[in-house]
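To start, the structure itself, in structure tokens.
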Amino acid sequence: MPAYGVGAYQYYAARTQLDLNGAYQLNKRFSLNASVSNALNVPQTLLRYGPETPAYARQNRESEYGIAMAVGLKGSF
């Protein structure tokens, strides 16, 4: 990254993400299952800076991908 000078860094900041999974047995043949990814909708932050970049200018991009949900019905016959 020539624009940021020698010794520049680019990386995604650490984040804690909560994923949930669950299942419920309706009867002996059917079960309902659900999953939620990134339940708290934590954004992903890209940091890009060099040794002389001030702290306020280090955040390059913040992306929100939303919450992904899936629900399914499982049956055995």
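The values are calculated or read from the model by the stated rules, or taken from the named source; none is laboratory data. In this text, all values refer to a predicted model and were calculated from it rather than measured experimentally. Glycine also receives a Cβ, built like all others from the backbone with ideal geometry; neighbour counts cover every protein chain displayed.
Criterion applied to Q59, Q44, Q25 was being loosely packed, with under 13 Cβ neighbours inside 10 Å and not small (G, A, S), and the one residue passing it is Q25.
Quick one: would you say Y4 is under 25 Å from the mean Cα position of the chain (by Cα) and either at pLDDT 90 or above or at negative phi (or both)? So Y4 does not fit the description; no. Residues considered: L46, L73. Of these, the only one that is over 21 Å from the mean Cα position of the chain (by Cα), of a type outside the set (S, T, Y) and assigned to a strand (DSSP E or B) is L73. When region 7-33 is filtered for residues that are among the hydrophobic types (A, V, I, L, M, F, W, C), over 18 Å from the mean Cα position of the chain (by Cα) and in a strand (DSSP E or B), the ones remaining, listed by number, are A23, F30, L32.
Looking only at residues of region 7-19 that are of a type in the set (A, V, I, L, M, F, W, C) and surrounded by 11 or more Cβ atoms within 10 Å (Cβ to Cβ), we find that the one that is modelled with the lowest pLDDT is A8.
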